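Read the structure below first, then the notes.
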Amino acid sequence: AAFNGLFGLKTQRERISLGPNHFDGWNGMTVYGPLSRNVADAALFLDATADGGPDGGYLAALGAPFRPLRIAISLAPPPGSLTKLGAEQRGAIDATAAALRELGHEVFDQEIDYPVAAFVSTVARYLRSVTDDVATLPHPERLEQRTTNMAKLGGLISDRRLAQARAAEPGVAAQINTIFESADVVLMPGTAAAPFKIGQLQGRGALWTLNAAAARVPWYGVWNAIGQPASSVPAGFDSNGLPLSVQFGAAPGDELNLLRIAAQLEQARPWAQARPPIDGLAQ
């Protein structure tokens, strides 16, 4: 969503069934959620698939009035991320914050209190999940060498270490969620920089690629690890015509406020019909 000018909603863990064989996908880090050109379609997706939700459904709730929200801006990436936020990506945050203030919301700066355990737990669960997935493939020999090596890294995560990473989640979530004592939702960068060019990572090793990818999108992984709702919202285009985005995070089970904010931003600055200049992309 972030790199393609789409609205994306990561739902609360267990909001949408993963099916009989995927109850705990990727050690609790994966969920089903919509990618859509507009927010109403995402709300309708939840009405058709989600377990629980507002009375009358998500789509109906988008049209209902709601009080202005307290929105914290948090720019610092989680621990362990070698990230520098680009100027245009920071500009997307500033423009979104200004739009939210014009819509009547209270917007203020407050960093999320990420524990160091957030990094350790997320990486351990991610790598072990790669290993476990590769073990189910009928022809793992057809994988790129880089993917095979990623699975080897995950093989270093023992069952005991994985259990420790999973057990750390409640404490990690509790510390992150202290921000919701003063905010209803959190506004974060969507990406640290523009997407990689085709072939840019060709020939790089597994660890190098993992670090590079994590540095480009460091704000998403933690929300996967704690299983809470988050969204990616389009925020215009950069100077090269590539999509910009911002991310919102919410308290447990609060997809509705993410949908409401995104719907307001979509009305204030429509994105569904926006297209980058093709000649600029060709350069």
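The values are calculated or read from the model by the stated rules, or taken from the named source; none is laboratory data. Predicted model, so just to flag it, every value in this text is computed and none were measured. Because the Cβ atoms are built from the backbone with ideal geometry, glycine has one as well, and the counts that use them run over all protein chains shown.
Table for the structure above
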item: Residue in the stretch 236-254 that is in contact (Cβ under 8 Å) with a residue 40 or more places away in the chain, closer than 19 Å to Gly91 by Cα and in contact with a Lys or Arg (Cβ under 8 Å, 6 or more places away or on another chain) present; result: yes
item: All positions within the stretch 160-201 that are under 26 Å from Lys84 (Cα atoms), among the hydrophobic types (A, V, I, L, M, F, W, C) and part of a helix (DSSP H, G or I); result: Val172, Ala173, Ile176, Ile179, Phe180
item: Yes/no for Leu59 being crowded, with 17+ Cβ neighbours inside 10 Å, aliphatic (A, V, I, L, M), under 17 Å from the mean Cα position of the chain (by Cα) and more than 30 Å from Ala168 (Cα to Cα); result: no
item: From the options Arg128, Arg146, residue that is touching a residue at least 12 places away in the same chain (Cβ under 8 Å), crowded, with 17+ Cβ neighbours inside 10 Å and farther than 25 Å from Ala193 by Cα; result: Arg128
item: Complete set of residues in the stretch 33-52 that are assigned to a loop (DSSP other than H, G, I, E, B) and either modelled with pLDDT of 95 or more or in contact with an Asp or Glu (Cβ under 9 Å, 6 or more places away or on another chain) (or both); result: Gly33, Pro34, Arg37, Asn38, Ala50, Asp51
item: Residue tally, condition closer than 25 Å to Ala235 by Cα and without any contact (Cβ under 8 Å) to a residue 24 or more places away in the chain, over the stretch 1-40; result: 1
item: Where Ile157 falls short, out of the listed (1) surrounded by 14 or more Cβ atoms within 10 Å (Cβ to Cβ); (2) in a helix (DSSP H, G or I); (3) among the aliphatic types (A, V, I, L, M); result: (2)
item: Any chance Arg101 is over 20 Å from the mean Cα position of the chain (by Cα) and modelled with pLDDT of 95 or more; result: yes
item: Test: Phe7 is among the hydrophobic types (A, V, I, L, M, F, W, C), surrounded by 17 or more Cβ atoms within 10 Å (Cβ to Cβ) and at pLDDT below 95; result: no
item: Among residues of the stretch 223-270, those that are in a loop (DSSP other than H, G, I, E, B), buried (at least 20 other Cβ atoms within 10 Å of the Cβ) and in contact with a Pro (Cβ under 7 Å, 6 or more places away or on another chain), counted; result: 1
item: Criterion violated by Ile112 - all others in (1) within 25 Å of Ala251 (Cβ to Cβ); (2) in a loop (DSSP other than H, G, I, E, B); (3) over 20 Å from the mean Cα position of the chain (by Cα); (4) aliphatic (A, V, I, L, M) satisfied; result: (3)
item: Some residue of the stretch 68-85 being at pLDDT below 95, assigned to a helix (DSSP H, G or I) and within 27 Å of Thr209 (Cα to Cα); result: no
item: Leading residue by the ranking (surrounded by the most Cβ atoms within 10 Å (Cβ to Cβ)) among those in the stretch 94-121 that are closer than 30 Å to Asp238 by Cα and of a type in the set (Val, Ile, Thr); result: Thr96
item: Residues that are under 11 Å from Ala118 (Cα atoms) and small (Gly, Ala, Ser), drawn from the stretch 218-235; result: Gly221, Ala225
item: Any hit, the stretch 66-84, residues being among the hydroxyl-bearing types (Ser, Thr, Tyr) and under 22 Å from Asn177 (Cβ atoms); result: yes
